[in-house]
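The values are calculated or read from the model by the stated rules, or taken from the named source; none is laboratory data. None of the values given here were measured: they were computed from a predicted structure. All Cβ positions, glycine included, derive from the backbone under ideal geometry; neighbour counts span all protein chains shown. The area values use the complete protein model at the heavy-atom level, side chains included, leaving out ligands, DNA and RNA. Shrake-Rupley method; radii C 1.70, N 1.55, O 1.52, S 1.80 Å.
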Amino acid sequence: NGLAGLAGGEWDAVVDTWAGAPTAVRDAARLLADRAPRYAYISSRSVYRHPCAPGLDESGALVDGSPDAGDVEYPEAKRGGELAAVAAFGDRALLVRAGLILGPWENVGRLLWWLNRMARGGPVLAPGPRDSGIQFVDPRDLAAWTLGAIEQRLGGPYNLVSPRGHATMGELLDACARVTGGRAELRWTAPEKILAAGVEPWTEIPVWIPPGELHDTIHAGGSAKAIASGLRCRPVAETVTDTWTWLQSLPSPAPLRPDIQRTALTPQKEAEILAM
């Protein structure tokens with residue numbers, strides 16, 4: 001049993017990053033309810049029902065979930081994990097609803113894809129608008145806030161993502177091009193042209209969402225509550241620089257989660273769009 005190690009002992013706090021079946025959170029939280037004062041569950045802004053209005057805060061409508069669920073879709077799994085943590089810890093449960101996570105040790109491959117693409121150099125398809133806002137949180141800022149929130153004995157839900165206006169797609173890609181040696185030539189392209197070519201936002205072109213309802217859902221969330229309680233988000237250029245430094249320090253390509261299907265834009269398709 002994977003929980004056998006929790007049969008005895010006491011802990012100052014629990015930080016649970018589980019993203020699978022909510023039953024795992026349920027069982028762990030029940031075991032630890034009397035032996036740890038706080039339970040921080042790293043959840044996700046995916047628990048909100050789509051579409052999300054710009055500036056949506058923690059009072060937004062949520063997807064259905066159950067602490068007794070097995071393998072379910074990601075939003076329902078995270079919501080079920082939240083309910084499991086609250087069932088065992090009550091107001092001692094901290095629900096950390098993280099947004100897009102970009103930075104060193106990222107194992108999904110979004111910022112890593114952009115850095116590796118820029119390092120190859122040459123004309124790069126840069127998805128517009130250039131001034132389109134993006135929201136993310138550096139994993140180090142996420143960790144620092146979570147530990148601080150535990151020390152403050154905070155409970156309940158908090159959206160953990162940078163404030164609106166913190167960064168733009170242009171600032172992200174400019175930083176990627178700069179730190180990788182400046183060999184990339186950004187070719188800013190209208191979203192209509194990219195979509196007409198059959199490109200899937202977010203999956204084929206990581207991080208990017210064209211203007212509209214989905215962009216507001218992913219990149220325009222409200223994080224005032226977390227900021228008021230101590231969230232500090234470092235500049236996008238620092239996140240990009242440190243991630244590139246980390247990538248270069250590795251003896252082989254960065255390890256990525258095996259459960260995620262990757263369909264990023266191919267060099268051939270990129271060249272075809274740029275030639276249109």
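Some observations on this one:
- Reciprocal mean inverse distance between Cα atoms of region 110-187 - Kirkwood radius, Å: 14.4 Å
- In this structure the chain gives 46 Å² per residue of accessible area when probed at 1.4 Å with all protein chains present.
- Magnitude of the charge dipole for region 189-276, about its Cα centre and with charges confined to Cβ atoms of Lys, Arg (+1) and Asp, Glu (-1), is about 320 debye.
- Relative packing of peptides 178-184, 207-213 - highest average C-beta neighbours within 10 Å first: 207-213, 178-184
- The eigenvalues of the Cα gyration tensor, multiplied by 5 and square-rooted, give region 158-276 an equivalent ellipsoid with semi-axes of 26, 21, 15 Å from largest to smallest.
- Shape summary: the chain maps onto an equivalent ellipsoid whose semi-axes, from the alpha-carbon gyration tensor, are 35, 19, 18 Å in decreasing order.
- Region 199-250 and region 7-85 have their alpha-carbon centroids 22 Å apart.
- The lysines whose alpha-carbon is closer than 24 Å to the alpha-carbon of Lys78, local same-chain residues fewer than 8 away aside, are Lys225.
- Look at the alpha carbon pairs under 8 Å that are at least 6 residues apart: their mean separation over the length of the chain gives a relative contact order of 22 percent.
- Built amide H within the under 5 Å cut-off of Thr168, gap 5+: Ile134
- For Ala143 and Arg120, the FRET efficiency from 1/(1 + (r/R0)^6), where r spans their Cβ atoms and R0 equals 35 Å, is about 0.65.
- The alpha-carbon of Lys193 sits under 20 angstrom from the alpha-carbons of these aspartates and glutamates, leaving out residues fewer than 8 places away in its chain: Asp131, Glu185, Glu204, Glu213, Glu270, Glu272.
- Full extension of the chain between Trp105 and Leu3 yields a length gain of 34.1 nm, computed as 0.36 nm times the residue separation minus the alpha carbon distance.
- Within region 2-73, GluC sites (Glu not before Pro) in DSSP loop having at most 12 other beta-carbon neighbours inside 10 Å: Glu10, Glu73
- Measuring nothing but protein heavy atoms, the accessible surface of region 194-268 at 1.4 Å probe radius is 59 percent carbon and sulfur.
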